[in-house]
Amino acid sequence: MPELLASVGRLSTLARVGRVVLDRRRLEQAGPDMPDGVAAFGQMLAEHGLDAIELASTITDAEFLKLAGLLSGSPEAAATMKRSADALSMWNVRCRWTHDPDAAAPRAALAPRAGFAAPLSAATATAAPAAEPWRPLIDAAVAQGDGAALCGLLAGLASPAEFARAATAGALDLVVEQLLDTRTPREDVLAVLQRAGAAGARALFAQLIAAIDVAERRQLYDAMVGLPATAEVAREYLSHDVWYVVRNAVCQLGETRAQAAIPLVSQALRHGDYRVRIAAVVALGQIGGAAAIARLESVLFDASEDVRTRALAIVFAGADAPPAPDRLGRALTDDQAIEYQREMVAALGHLSTPRARERLQRVCETPSSSYEGTELRLAALDALRRRHPAVADVVLQALRNDPSPMMRERVAALLR
């Protein structure tokens with residue numbers, strides 16, 4: 001373990017200029033000249049059932065410490081350890097299990113499973129037009145917020161034209177939520193979203209923007225990386241007026257590793273928010289190649305020291321380069337800032353799905369002793385009133401005697 005901890009600084013530097021994958025099989029094959037800590041680390045991964053650990057380019061020191069704590073514990077079942085990793089909110093660390101607890105057994109086809117449409121009334125099918133017998137089932141599933149049924153129904157539509165008519169924005173919003181549920185195999189959900197093309201990627205991106213929970217955001221982000229239409233949709237958000245939306249788009253373009261994305265990512269090097277410019281620098285480092293590195297020369301005189309340091313680290317990175325200073329190793333990341341959380345709550349207010357409504361209601365009803373926490377609750381209340389007024393009325397009544405004077409005052413004003 002001492003040898004491993006002594007390497008954290010070097011690993012951090014390498015992770016900042018690209019991506020580091022610690023593969024168990026390679027570590028276990030360490031020769032006699034390798035430090036004892038390398039073989040020990042490979043054995044530690046094996047004990048936890050891990051194939052590899054991937055360190056993203058924006059990893060922080062706090063996440064390194066969380067990872068060390070996770071691996072130092074007693075070996076647990078993969079599902080239990082995955083829950084622990086999610087609870088630690090290690091956004092920049094991907095753990096790959098030998099037997100992924102979230103992976104479903106492979107299936108021969110994506111035909112709807114028996115019982116998928118069970119909650120829907122069979123009588124509604126008799127009233128359907130002959131040309132679209134599936135229409136009442138789709139409409140009923142959307143009305144009931146039944147994403148699991150929608151996945152099965154959409155997968156069962158063989159005709160591309162019928163699928164296009166059935167896969168409305170509202171239906172796809174509910175399908176995306178199945179990525180965070182356990183009722184539908186993940187590969188079934190991704191198959192529907194991939195078939196929907198840009199509309200599927202757009203629905204996924206919309207919920208990525210609104211995801212408050214880090215573990216859920218990780219799942220949505222990883223799912224979007226695998227969709228062919230992601231680059232097309234990410235391009236649409238490069239001119240968005242909210243900084244973190246642009247950052248998400250830039251990061252997705254970097255994940256494509258496509259040379260064609262270089263001009264698009266380069267646009268973000270001139271963005272007014274330094275966090276977007278950092279994301280653009282990292283994305284160009286991920287894409288790599290002479291053309292990408294050449295674009296980084298334009299930010300070597302950037303007003304932000306963080307941007308300049310990251311660009312220099314990528315341009316001049318080498319095996320013998322000294323460790324770059326850690327300027328982003330904070331326990332509290334930008335993603336946890338109150339203004340960022342308010343933006344995510346506002347984004348939730350644009351989704352009409354039951355899960356989005358429940359999340360807003362939960363934020364409203366969660367007590368907070370801090371001014372920032374109360375601000376977030378008020379933002380959630382405003383979003384709930386705009387999108388779900390009937391639910392907001394019920395919540396307002398429940399909050400009349402809230403412990404927070406600020407919340408009670410706002411509720412009283414709204415109830416007048």
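Table for the structure above
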{"read-out": "Cβ-Cβ under 7 Å pairs, at least 6 apart or on other chains, region 397-416 side more than 19 Å from Glu375 (Cβ to Cβ), far side of a type in the set (A, V, I, L, M, F, W, C)", "value": "Arg400/Val411; Leu415/Leu396"}
{"read-out": "Single match in Ala234, Ala229, Ala211 (criterion: touching a Lys or Arg at 6+ places or on another chain (Cβ under 9 Å) and farther than 19 Å from Arg357 by Cβ)", "value": "Ala229"}
{"read-out": "Count of region 226-250 residues which are outside any helix (DSSP H, G or I) and polar (S, T, N, Q)", "value": "1"}
{"read-out": "First in region 239-268 and farther than 29 Å from Leu348 by Cα, second anywhere and not in a helix (DSSP H, G or I), Cβ under 7 Å, 6 or more apart", "value": "Gln259/Gly289"}
{"read-out": "All positions within region 251-273 that are farther than 12 Å from Gly288 by Cα and not in a helix (DSSP H, G or I)", "value": "His271, Gly272, Asp273"}
{"read-out": "So Leu296, is it at pLDDT below 90, under 18 Å from Cys251 (Cα atoms) and in a helix (DSSP H, G or I)", "value": "yes"}
{"read-out": "Qualifying helices (runs of 4 or more DSSP H) (wholly inside region 308-414; at least 2 residues being at pLDDT below 85 and surrounded by fewer than 17 Cβ atoms within 10 Å (Cβ to Cβ))", "value": "338-348, 371-387"}
{"read-out": "Answer residue from region 160-199, given it is over 24 Å from the mean Cα position of the chain (by Cα) and within 17 Å of Pro136 (Cβ to Cβ) and is surrounded by the most Cβ atoms within 10 Å (Cβ to Cβ) among those", "value": "Ala166"}
{"read-out": "Residues satisfying the stated conditions in region 353-383, i.e. over 16 Å from Leu396 (Cα atoms) and small (Gly, Ala, Ser)", "value": "Ala356, Ser368, Ser369, Ser370, Gly373"}
{"read-out": "Pick from region 216-243, criterion within 23 Å of Asp273 (Cα to Cα) and of a type in the set (Gly, Ala, Ser), ranking: nearest to the chain's Cα centre (by Cα)", "value": "Ala234"}
{"read-out": "Residues being of a type in the set (Gly, Ala, Ser) and over 18 Å from Glu177 (Cβ atoms) - total across region 341-379", "value": "6"}
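The values are calculated or read from the model by the stated rules, or taken from the named source; none is laboratory data. Only a predicted model underlies this, so the values are computations on that prediction, with no experimental measurement involved. So basically every Cβ, Gly included, is an ideal-geometry build from the backbone, and we count neighbours across all protein chains shown.
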